[in-house]
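Q: Dropping the structure in here first, questions after.
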Number of protein chains: 2
Amino acid sequence: MTLLVSGWVAIDTIETPFDRREGLLGGSATCAALAAGLFTDVRLLAAVGDDFPEGYRDQLASTGIDVTGVTPIPGGKTSQWGGRYHYDMNSRDTLYTELGVNADWNPSLPEGWEKSDTIFCAAGDPELQKRLITSLHQPKASMVDSIAFFLETVPEKFRETMGAADFVAINESEARMLAGVPSIAKASAELLKTGTKGMIVKLGEYGAAFRSGHDYFIAPGYPLEEVIDPTGAGDSFAGGFMGYLDSVPEITPAAIRRAIVYGSTVASFQVEDFGPTRLMNLTRKEVDERYRQFGALTHFEVDG
Amino acid sequence: MTLLVSGWVAIDTIETPFDRREGLLGGSATCAALAAGLFTDVRLLAAVGDDFPEGYRDQLASTGIDVTGVTPIPGGKTSQWGGRYHYDMNSRDTLYTELGVNADWNPSLPEGWEKSDTIFCAAGDPELQKRLITSLHQPKASMVDSIAFFLETVPEKFRETMGAADFVAINESEARMLAGVPSIAKASAELLKTGTKGMIVKLGEYGAAFRSGHDYFIAPGYPLEEVIDPTGAGDSFAGGFMGYLDSVPEITPAAIRRAIVYGSTVASFQVEDFGPTRLMNLTRKEVDERYRQFGALTHFEVDG
């Protein structure tokens, strides 16, 4: 099975109240691809500039990700993002965003990639997301993510894209904004009207909620003693979710619930170090072990 | 089995973005006692003024709560609180707090109440909380709650009181402030050093986390389509938790986990109407039914 991940590969500068790193490998597609790679074969579709370090491409490839689709744009500049976290490590300020090659990225799929089994489009232009999803030959599952910028500037375009995707994963505040209602449960129900089959509302450190026409699932976040860098947690969640779903023979409601917990589990590793450092050397065995801990941490007796 | 609940009985004025109510029966002990009363026999210890409506006393008594300890202070005024909620219904501004009779409340226990099986001291003066807990004859379990005011003005006094209580339930922001660390997991571990046996961090709509020397449990919040008035949710949670624990033959780790989910379940009813209106006519059967739904909403397969 193969998952196609599209979106940004970028270079990040990150400041926390305790430390600072420059020139980190970043980008939503990077984190999602690394997370998904723990579960299945991953193809990464992204644009970079001439300036993209060869070492970063090698690092991605060394984890088994197919980087054929990481396309250098001649004369282009790799996207750059800088952020600064507040004391609680939940809220942050964006210091700068340089779109670079992603300002007008309009990729073609490498040959054969239209036969990928599943697809995850990380945050990006909704029209491009929709084109990529519909260019696949009957994928088993598709998912899109987004960010406030697109929901504010082209909400109707994003709602159209949602209708073309099996799953949509967005943040709590974004779901509230897009649906226009304060309750997460109600916002999820409202957003199912776009035609997507499953709404995932990401709650940051508080976990995630999933709503479809026939299921509702809520999972808390994995409790961490220390968060080093929250950047990319939502992308790792989405990558883990879709990577796990790609790996199972059938996408049942129970499999979706397991995928959400696997997504949260991978995200809990992501934040243990700067950028994607922790995911680079993470093993499926470690993920499975924490997944079981997740089960133990959340179990309670329903009868008795 | 009998649970003693102490704290404020008050008169509230509440404004939400959608509605406004004056002269509501309120107070942390009121909500906690009503919630606990769904599970066990409850004795309510609180001070009110001459102005306290007889109808409210009758309402409390009609649910089966022993109101012998709801003491009218001659010439005194019942405590009053006013609050206004923001659009997201999570954050609020306190409009006024009139301490009234609670400014220097220093109660004695009605005869025989020192033999109550368990005790919950809702937010109040930490020295009074400690005196009440230690005045009981070997209670099966004790719990204290608090608010930012006491944690800011007398943190050391509250830490002493924590050491005298089996369980402590405080909000996330209060736990962070008192422990001086941003991680909830770490803050809970730090606060166990006070000597309390179990730290409960209330996460509002996101649920609750429990940490003891040998257990860690996290539960999400029950997803609600609509929140009418969040006031008293944390108090109902605490009351439901202690009421359930009072009702079980033995306080095991599994019973504590069930108590947390029962607390969250009762809190989810509390917010469905203004003040304690919903709790007044709530039945144990309804609570048990939603408890089972809670199980279904949060279940995932750990193996397979």
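The values are calculated or read from the model by the stated rules, or taken from the named source; none is laboratory data. This is a predicted model, so every value here is computed, not measured. Glycine gets a Cβ as well: all are built from the backbone with ideal geometry, and neighbour counts include every protein chain shown.
Q: Working carefully through the options B:Leu24, B:Leu45, find the one that is farther than 24 Å from B:His86 by Cβ, part of a strand (DSSP E or B) and at pLDDT 95 or above.
A: Exactly one of B:Leu24, B:Leu45 is farther than 24 Å from B:His86 by Cβ, part of a strand (DSSP E or B) and at pLDDT 95 or above, namely B:Leu45.
Every residue, every condition in (1) surrounded by fewer than 20 Cβ atoms within 10 Å (Cβ to Cβ); (2) of a type in the set (Gly, Ala, Ser), yes or no:
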{"site": "A:Ile14", "(1), (2)": "no, no"}
{"site": "A:Arg20", "(1), (2)": "yes, no"}
{"site": "A:Gly26", "(1), (2)": "no, yes"}
{"site": "A:Glu54", "(1), (2)": "yes, no"}
{"site": "A:Thr63", "(1), (2)": "yes, no"}
{"site": "A:Thr78", "(1), (2)": "no, no"}
{"site": "A:Arg92", "(1), (2)": "yes, no"}
{"site": "A:Glu98", "(1), (2)": "yes, no"}
{"site": "A:Asn102", "(1), (2)": "no, no"}
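Q: Please work out which one of (1) of a type in the set (Lys, Arg); (2) more than 8 Å from every other protein chain (Cβ to nearest Cβ); (3) surrounded by fewer than 18 Cβ atoms within 10 Å (Cβ to Cβ) is the condition B:Arg278 fails and give its number.
A: (3)
Q: For region B:249-271, how many residues meet the condition of being out of contact with any Phe, Trp or Tyr (no Cβ under 9 Å at 6 or more places or on another chain) and within 13 Å of B:Ala238 (Cβ to Cβ)?
A: Qualifying residue count for the region: 0.
Q: Something else now. Which fully enclosed helices (runs of 4 or more DSSP H) of region B:150-221 have 3 or more residues being out of contact with any Leu (no Cβ under 9 Å at 6 or more places or on another chain) and within 14 Å of chain A (Cβ to nearest Cβ)?
A: Qualifying helices (runs of 4 or more DSSP H): B:184-192.
Q: Inside region A:104-150, can you point out the residues that are surrounded by fewer than 21 Cβ atoms within 10 Å (Cβ to Cβ), within 22 Å of A:Phe39 (Cβ to Cβ) and charged (D, E, K, R)?
A: Correct list: A:Glu114, A:Lys115, A:Asp117, A:Lys140.
Q: Go through (1) modelled with pLDDT of 95 or more; (2) not in a strand (DSSP E or B) for A:Ala103 and report which single condition fails.
A: (1)
Q: Pairs under 7 Å by beta carbon, first residue touching a residue at least 60 places away in the same chain (Cβ under 8 Å) and within 11 Å of chain B (Cβ to nearest Cβ) in region A:83-95, partner assigned to a strand (DSSP E or B) and surrounded by 12 or more Cβ atoms within 10 Å (Cβ to Cβ), six or more apart or different chains?
A: A:Tyr85/A:Glu15; A:Tyr85/A:Arg92; A:His86/A:Arg92
Q: A further question on this structure: So, in region A:232-268, exactly how many residues are farther than 30 Å from A:Thr94 by Cβ, touching a strand residue (DSSP E or B) at 6+ places or on another chain (Cβ under 6 Å) and within 12 Å of chain B (Cβ to nearest Cβ)?
A: Count: 1.
Q: Filter region B:182-195 down to residues that are farther than 15 Å from B:Arg159 by Cβ, out of contact with any strand residue (DSSP E or B) (no Cβ under 6 Å at 6 or more places or on another chain) and not basic (Lys, Arg), then give me how many there are.
A: 3
Q: Would you pick out the residues in region B:162-186 that are under 16 Å from the mean Cα position of the chain (by Cα) and farther than 18 Å from A:Asn90 by Cα?
A: Across region B:162-186, the qualifying residues are B:Met162, B:Ala165, B:Asp166, B:Phe167, B:Val168, B:Ala169, B:Ile170.
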